[in-house]
Amino acid sequence: MAELSTLARPYAEAIYGTAQNTNAVSTWSPILAELAQLASHEDVLAMLHDPLLSKEQRKKVFLDLISTQDKPKELEEFVEVLIINNRVEALPEIAELYEILKSKNEGSAVAQIITAFEISDSQLNEILSGLERKFGTKLKPEVIIDKSIIGGIRVVVGDQVLDTSVQAQLERLRESLAAQ
């Protein structure tokens, strides 16, 4: 996964730079999200690797699949570069890295808050307040319910992970006992 992320970074940075230059940063977010979703579909990937189709045909079909009406003029060139360089599979990572760049430049970051149970708005605000002090930036929460962590929370902000889940504590205990 790190390798795909490494491949995706220059594309995310390039498209973010282009979006900034054309004042279209917010326009690209939903487009990249849709491209990432399309690139995750098996049939779409099969079409994009079909040797019977030219690169121009692949580009046209892929662009025709996009439902967004207000397409930036740079979109066609971006998709063409991805197809030529066989990087369409990196689109989910490109979209994710784009959002990280966008948040960073807005002075904020996305905080994935993974919990075993629903949390109230007041609990979320309390958690966010502590996390914003710790990370020194404004955070946009993304709450995910995952019963497998048993209890506690796991927080992912960029490449940093804070894991106070019961699952992680049990794993550390298991490792500690196995080392003895």
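The values are calculated or read from the model by the stated rules, or taken from the named source; none is laboratory data. Predicted model only: the values in this text are computed from it and were never measured. Cβ: placed from backbone, ideal geometry, glycine included. Neighbour counts: every protein chain shown. Ligands, DNA and RNA are excluded from the accessible area calculation, which covers all protein heavy atoms including side chains. Shrake-Rupley method; radii C 1.70, N 1.55, O 1.52, S 1.80 Å.
Computed quantities for the displayed model
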{"read-out": "Boolean, Glu171 is in contact with a strand residue (DSSP E or B) (Cβ under 7 Å, 6 or more places away or on another chain) and acidic (Asp, Glu)", "value": "no"}
{"read-out": "Residue match in the stretch 155-165 (condition: of a type in the set (S, T, N, Q) and farther than 22 Å from Leu97 by Cβ)", "value": "yes"}
{"read-out": "The stretch 157-179 residues that are free of Cβ contacts under 8 Å to residues at least 60 places away in the same chain, paired with ones that are assigned to a loop (DSSP other than H, G, I, E, B) and open to solvent by 80 Å² or more (accessible area, probe 1.4 Å) (beta carbon under 7 Å, 6 or more apart)", "value": "Ser165/Ile150; Val166/Ile150; Gln167/Ile150"}
{"read-out": "Residue within the stretch 95-109 that is among the acidic types (Asp, Glu) and either part of a helix (DSSP H, G or I) or open to solvent by less than 80 Å² (accessible area, probe 1.4 Å) (or both) present", "value": "yes"}
{"read-out": "Odd one out for Gly136 among (1) at pLDDT 95 or above; (2) out of contact with any helix residue (DSSP H, G or I) (no Cβ under 8 Å at 6 or more places or on another chain)", "value": "(1)"}
{"read-out": "Neighbours by Cβ (under 9 Å, 6+ apart or cross-chain): first from the stretch 66-81, assigned by the TED database to the domain that holds Thr22; second assigned to a helix (DSSP H, G or I) and exposed (fewer than 13 other Cβ atoms within 10 Å of the Cβ)", "value": "Glu80/Lys55; Glu80/Glu56"}
{"read-out": "Filter result for the condition that a residue is small (Gly, Ala, Ser) and in the same structural domain as Ile15 (by the TED database), over Ala116, Ala111, Ala95, Ala168", "value": "Ala95"}
{"read-out": "Helices (runs of 4 or more DSSP H) fully within the stretch 1-94 counting 1 or more residues that are open to solvent by 60 Å² or more (accessible area, probe 1.4 Å) and under 18 Å from Asn105 (Cβ atoms)", "value": "2-21, 25-39"}
